[in-house]
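The values are calculated or read from the model by the stated rules, or taken from the named source; none is laboratory data. Source: prediction; values computed, not measured. Counting neighbours? That spans all protein chains shown, and the Cβs are built from the backbone with ideal geometry, glycine included.
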Amino acid sequence: MASELVRLSDYTLEPFGDGNGLKNINLALSKGEAFSIRTDSPDDAHLLLRGLATLDPPKSGQFFYKGKELDFSDYRSLLAYKKKVGYIAPDATLITNRSMRDNLMLMRYYFENSTSIPMSDQAIELCKVFELEKGLDFKPPELDHEENRLFLIVRELSKNPEILIAERPRDFLRTKSFEILKAVLRNVMKKNVAFVFFSTDEAFKKEFSDGQILI
């Protein structure tokens, strides 16, 4: 039996944008499972992805991670979960006054209580794969939009996430970068990562999802 990572129980999130909101959602996500979201409302898909990333607190309901309920009243108590989630979406951001190298390292600086630790071999390799090595010492405003999105992808994937969340990656990447991302994701999925995403790219959905979440 697959090992359950996340369970939402009677989970309700307030509407976002033009969406209807999510009411009394019940969802279980286990290691190695991959789901695409099917919906007529992109804003509701966005809301569910943000909810899974614990970026929006619920109006009501419970969020369990490995059987333990998360406490949204204490942000620090959510950090151990956030550390295990990779969130690749248009509203994910980088810190504009820090170098890309620092942006990739800030979570490790926090959890390891040191600013002198080296980049992991995985982060270095991902920078090479996406051809980003020359941009490490630049700040986000000094690079173009796609380079920023690629550095964000490297940041999230180099967490070694247990759960990966992605929203319409094809929309903000050129064809070459999107093809590289797909190659990287094929390797990521071999690591038994749980994957939830929203995409309008039918070929992407067919390759990377085993089932659908219907909203």
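Based on what the data block shows, is A123 more than 27 Å from L48 (Cα to Cα), in contact (Cβ under 8 Å) with a residue 24 or more places away in the chain, buried (at least 18 other Cβ atoms within 10 Å of the Cβ) and of a type outside the set (F, W, Y)? Against the criterion (more than 27 Å from L48 (Cα to Cα), in contact (Cβ under 8 Å) with a residue 24 or more places away in the chain, buried (at least 18 other Cβ atoms within 10 Å of the Cβ) and of a type outside the set (F, W, Y)), A123 qualifies.
Quick check: is even one residue across the stretch 85-93 assigned to a helix (DSSP H, G or I) and either under 18 Å from the mean Cα position of the chain (by Cα) or of a type outside the set (D, E, K, R) (or both)?
no
The residue of the stretch 66-87 that is surrounded by the fewest Cβ atoms within 10 Å (Cβ to Cβ), among those that are closer than 24 Å to V154 by Cα and in contact (Cβ under 8 Å) with a residue 40 or more places away in the chain, is K83.
Restricted to strands (runs of 3 or more DSSP E) entirely inside the stretch 143-215, those with at least 1 residues that are surrounded by 21 or more Cβ atoms within 10 Å (Cβ to Cβ) and of a type outside the set (A, V, I, L, M) are 163-167, 194-198. Taking first residues from the stretch 197-215 that are closer than 19 Å to N26 by Cβ and partners that are of a type outside the set (F, W, Y) and loosely packed, with under 13 Cβ neighbours inside 10 Å, the Cβ contacts under 9 Å between residues at least 6 apart in sequence or on separate chains come to I215/D40.
Sub-6 Å Cβ pairs linking a first residue in the stretch 154-166 that is on the phi < 0 side of the Ramachandran plot and at pLDDT 95 or above to a second residue that is in a helix (DSSP H, G or I) and among the charged types (D, E, K, R), at least 6 apart or interchain, number zero.
The numbered conditions (1) in contact (Cβ under 8 Å) with a residue 40 or more places away in the chain; (2) closer than 28 Å to K191 by Cα; (3) touching a helix residue (DSSP H, G or I) at 6+ places or on another chain (Cβ under 8 Å); (4) aliphatic (A, V, I, L, M) are all true for I25 except (1). The single condition among (1) assigned to a helix (DSSP H, G or I); (2) within 21 Å of I213 (Cβ to Cβ); (3) touching a helix residue (DSSP H, G or I) at 6+ places or on another chain (Cβ under 9 Å) that L79 does not satisfy is (2).
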